[in-house]
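**Student:** Pasting in a structure now, in structure tokens, and then I'll have a few things to ask.
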Ligand SMILES: *Cc1c(COP(=O)(O)O)cnc(C)c1O
């Protein structure tokens, strides 16, 4: 039996006709830039996320960059974030000449530990950027509280968590702005790169739309310096078809997670994902923490089971950030997560036999 980490073809097959028709409409119209489908998907995502505005952009990375630019973040500024995330979270801060200031994670959820944020706030702090990793929200109530106390905006890196919620509040709807990615391996993926910014602040949303178009409004009159951060119409067209299925796909992932959870119950070596109270995860990843992680991974690979490590090196230990002077031990929980976690196949179309096979191989490895 083969169990890939992700099977995008299985997702595509039943909706192929609808997607091809939607792409064909764009090609026929030749409105490749800012076609009506862009406004359509923005309205759909705003509604889905419980936000007033949604602005389609070229990627999740550009969503983060655009928000940081809109907040005026630049040289000398600091943005508080987690070291256990995809590189883009901190990379965007760095690209603007600002500094990511890392705060260790809560090893249970793998998300930023809110209790450690206030200690690192300085005069230079300009924003807090929690990441909703693997499909569940960071602990937003205490984060919003400390942000409010210090007058700081909160950027939700929700690239892995579109549709996830905490006490009924959707990812991206709680902070100043939320950032989504439509990278193909995310729960809502397009046929390439794409992203979106959501916000409850319509004026800020308008600013995002201007920055996305080189800072121009009206056309060719530049009030600020932006960039080309647009979402292509073709991607918007693909996403309008796929968004209708997102809820059922995320539900299927939750069901698969439940099955794994049952199969791993009582397996002492396997620390299962912990979903905090009030959270509904979309399980962009099902991540377990285990001893002998690399050996387990090799064993699963030999058995045709796809896995991935998100992420093998905590950001404070990355070579490109060496000038910040961090060293091993600075963020021990993040380091532990990087050393001991592995993501298992969780995609919606997984069959029960495949889930059983993955679990049985993992159990076999540890007996
Ligand atoms: C995927 C991802 C991004 C970047 O999104 P892209 O669309 O690939 O640019 C940023 N942050 C996190 C946490 C991500 O998972």
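**Student:** Say R0 is 25 Å: what FRET efficiency, to the nearest 0.05, do residue 150 and residue 318 get from their beta-carbon distance?
**Tutor:** Once the sixth-power term is evaluated, E becomes 0.35.
**Student:** Take the Cβ-Cβ distance between residue 364 and residue 185 as r, set R0 to 35 Å, and report the resulting FRET efficiency rounded to the nearest 0.05.
**Tutor:** 0.80
**Student:** Something else: Taking the highest mean first, how do the peptides 137-143, 171-177 order by number of other beta carbon atoms within 10 angstrom per residue?
**Tutor:** Peptide ranking by packing, descending: 171-177, 137-143.
**Student:** May I ask you to compute the full-extension gain from residue 29 to residue 47, defined as 0.36 nm times their residue separation minus their alpha-carbon distance, rounded to one decimal in nm?
**Tutor:** Using 0.36 nm per residue and subtracting the Cα-Cα distance, I get 3.9 nm.
**Student:** Give me the distance between the Cα centres of the stretch 191-215 and the stretch 1-61, rounded to whole Å.
**Tutor:** Distance between centres, Cα-based: 16 Å.
**Student:** Hey, rough spin-label estimate for residue 141 and residue 219, points 7 angstrom out along Cα→Cβ, what's it come to in nanometres?
**Tutor:** My value for the distance between the label points is 4.9 nm.
**Student:** When the chain is fully extended, how far beyond the present Cα-Cα distance does residue 201 get from residue 5, taking 0.36 nm per residue of separation?
**Tutor:** 66.8 nm
**Student:** I've got another one for you. For the chain, give me the percentage of DSSP beta bridges that are antiparallel, rounded to the nearest 5 percent.
**Tutor:** The antiparallel proportion sits near 65 percent.
**Student:** What's the exposure ranking of 32, 264, 134, going from fewest to most Cβ atoms within 10 Å?
**Tutor:** The fewest-first ordering by Cβ neighbours comes to 32, 264, 134.
**Student:** Computed over the Cα atoms of the stretch 11-166, what is the ratio Rg over Rh, Rh following Kirkwood?
**Tutor:** So for the stretch 11-166, dividing Rg by the Kirkwood Rh gives 1.04.
**Student:** Calculate the spin-label point distance for residue 21 paired with residue 122, positioning each point 7 Å from the Cα along the beta-carbon direction, and give it in nanometres.
**Tutor:** Taking the simple label geometry, residue 122 and residue 21 are separated by 5.8 nm.
**Student:** Would you mind ranking 212, 327 by Cβ crowding within 10 Å, fewest neighbours first?
**Tutor:** Taking fewest neighbouring Cβ atoms as first place, the list is 327, 212.
**Student:** Now for a different question. Among 343-354, 150-161, how do they line up by average Cβ neighbours within 10 Å per residue, starting with the highest?
**Tutor:** 150-161, 343-354
**Student:** Nearest 500 deg cm²/dmol is fine: what mean residue ellipticity at 222 nm does the chain get from its DSSP H runs of n ≥ 4 alone, each adding -39,500 (n - 2.57), divided by its residue count?
**Tutor:** Taking each H run of at least 4 residues, the total per residue is -12000 deg cm²/dmol.
**Student:** Going by C-beta contacts inside 10 Å, put 77, 28 in order with the fewest on the left.
**Tutor:** 28, 77
Rule-based calculations on the coordinates, nothing more; no lab input. Computed from a predicted model, the values in this text were never measured in an experiment. Neighbour counts run over all protein chains shown; Cβ positions are idealised from the backbone, glycine included.
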